[in-house]
Amino acid sequence: MRALLAALALGALGGTAEAACRQALALGLDVSGSVDAREYRLQMDGLAAAFDDPKVRQALLIMPGTPVHLLVYEWSGPEDPTVVLPWTAVTGPQVLNGIIGELRSVQRRNATPGTALGLAMREGLGHLDQRTECWKRTLDLSGDGKSNLGPRPVDIKREIEPTGITINALVIGADAPSLGDIRQAEISGLSAYFQANVIVGSDSFVETALGFEDYANAMARKLERELETLILGDIPRVSHPRLPGQ
């Protein structure tokens, strides 16, 4: 499937990689011990569903000559980051459909139970450093808990701030309906943690999902907001040298 995605992307670019890249979007998914098998499937299928959302599809495909490049990786403990979708230029509907199919076919790998959020941030930075030609570089981190392993996220945040990379977050709250209003308090506290320690950039934000059941809807909202912001406000302007006498 990955070879097919690469072939489709190159074919849509006329056999070259010369087309401009308007946004590099790396998505890091939390697969730590707090995420069980059901929640893992809801997260992966939810991301696929978000890419298939009509508004997100339109935003991804609206400028085929300057495509968005997507990469998806999983994270948990220090040894566990795994790329499940390598960098792929979304140059047309066929490529996007291939990405959606790839995500729906991914099977869970063994992972350590720790939540190394700071290392997940650094992992995303490494991937985005491979796409310096893109007009904008964005890291999306999904998570359902605070870091408990590895470097402090706030320290990695300080490392990333000078790079111009944006980090947004999707915070996932508890599923259990029996918790009632406690869910709102819990997700508010987790959102504040990600706000202070993780997200980077003047237009960065935290999206929330009330449980993994809400993951697809929350991810679609976040993707739509990110892609719309880029289309409306971040297209680079070319400056021309002044001629003598002007």
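For segment 102-157, a Kirkwood hydrodynamic radius built from all Cα pairs, placed in the Stokes-Einstein relation at 20 °C and 1.002 mPa s, yields a translational diffusion coefficient of 163 µm²/s. Listed by chain and number, the aspartates and glutamates whose alpha-carbon sits under 16 Å from that of Lys55, ignoring those within fewer than 8 places in the same chain, are Glu224, Glu226, Glu228. If R0 is 25 Å, the Cβ-Cβ spacing of Ala37 and Ser188 corresponds to a FRET efficiency of close to 0.35. The packing ranking, built from the mean of other Cβ atoms within 10 Å per residue, places the peptides 29-37, 153-161, 106-114 in the order 29-37, 153-161, 106-114, highest first. Each of the peptides 137-147, 51-61 was scored by the mean count of other Cβ atoms within 10 Å over its residues; in descending order, highest first, they stand as 137-147, 51-61. Extension gain for the segment Arg225 to Thr82, taken as residue separation times 0.36 nm less the Cα-Cα distance, is 48.8 nm to one decimal.
A Förster radius of 25 Å, combined with the Cβ-Cβ distance separating Met63 from Arg104, puts the computed FRET efficiency at roughly 0.45. Quick one: work out the % antiparallel among DSSP beta bridges in segment 28-107, nearest 5. So the antiparallel bridges amount to about 60 percent of the total.
None of the figures in this text is laboratory data; all of them are computed from the coordinates on show. Because the structure is predicted, anything quoted here is derived from the model rather than measured. Cβ: placed from backbone, ideal geometry, glycine included. Neighbour counts: every protein chain shown.
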